[in-house]
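Just below is one structure, and these are the notes that go with it.
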Amino acid sequence: MSWRMIEKRGKWKVDKNSATDGDLFIAEALLKVSKIWHNEQFKDEARTLMNDILRYEYNPQTNTLTVGKMIFIKKQEISGGF
């Protein structure tokens with residue numbers, strides 16, 4: 001899930017980096033609500049999200065979740081848009 005929109009030349013585009021921590025929080029919330037409301041649909045959505053996290057945000061070489069290239073962008077490149 002993208003974590004922000006970027007304006008380039010007057011048009012808004014989705015940042016291709018994800019917010020792995022946010023995705024994990026959403027998956028956890030879906031699991032919790034599935035228990036509270038006894039609704040399997042929320043559990044299914046959590047599973048789908050967790051599978052996507054493993055597919056797109058996991059580095060099998062290091063056995064770690066990734067944070068996207070955002071961590072490597074220079075500070076001045078980030079601060080200009082906020």
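The values are calculated or read from the model by the stated rules, or taken from the named source; none is laboratory data. In this text, all values refer to a predicted model and were calculated from it rather than measured experimentally. Cβ placement follows ideal geometry from the backbone for every residue including glycine, while neighbour counts extend to all protein chains displayed.
Only one of 25, 42 is more than 16 Å from the chain's Cα centre (by Cα) and part of a helix (DSSP H, G or I). Can you tell me which?
On the way: 25 fails: more than 16 Å from the chain's Cα centre (by Cα).
Step by step, each of 25, 42 is checked, and only 42 is more than 16 Å from the chain's Cα centre (by Cα) and part of a helix (DSSP H, G or I).
Do we have residue 82 as at pLDDT below 95 and either surrounded by 10 or more Cβ atoms within 10 Å (Cβ to Cβ) or not in a helix (DSSP H, G or I) (or both) here? Write out each step before concluding.
Values: at pLDDT below 95: yes; either surrounded by 10 or more Cβ atoms within 10 Å (Cβ to Cβ) or not in a helix (DSSP H, G or I) (or both): yes.
Judged against the criteria, residue 82 is a match.
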- Query: What tally of residues in segment 1-42 results from selecting those that are surrounded by 11 or more Cβ atoms within 10 Å (Cβ to Cβ), of a type in the set (A, V, I, L, M, F, W, C) and modelled with pLDDT of 85 or more?
  - Reply: 9
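Filter segment 43-66 for residues that are among the β-branched types (Val, Ile, Thr) and closer than 19 Å to residue 4 by Cβ; which is surrounded by the fewest Cβ atoms within 10 Å (Cβ to Cβ)?
Of segment 43-66, the ones among the β-branched types (Val, Ile, Thr) are 48, 53, 62, 64, 66.
Add one more test, that the residue is closer than 19 Å to residue 4 by Cβ, and what stays is 53, 66.
Numbers: 53: 19, 66: 15.
The extreme case among them is 66.
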- Matching residues, segment 1-22, being free of Cβ contacts under 8 Å to residues at least 24 places away in the same chain and either assigned to a strand (DSSP E or B) or touching a Leu at 6+ places or on another chain (Cβ under 7 Å) (or both): 2, 5, 8, 11, 12, 13, 14
- Message: Let me confirm something: among 70, 50, which residue is at pLDDT below 90 and not in a loop (DSSP other than H, G, I, E, B)?
- Response: 70
- Task: Report, ordered by the first and then the second residue, all pairs with beta carbons closer than 6 Å, sequence separation of six or more or different chains, a first member in segment 30-58 that is within 19 Å of residue 17 (Cβ to Cβ) and free of Cβ contacts under 8 Å to residues at least 60 places away in the same chain, and a second member that is of a type in the set (S, T, N, Q) and in a helix (DSSP H, G or I).
- Result: 57/20
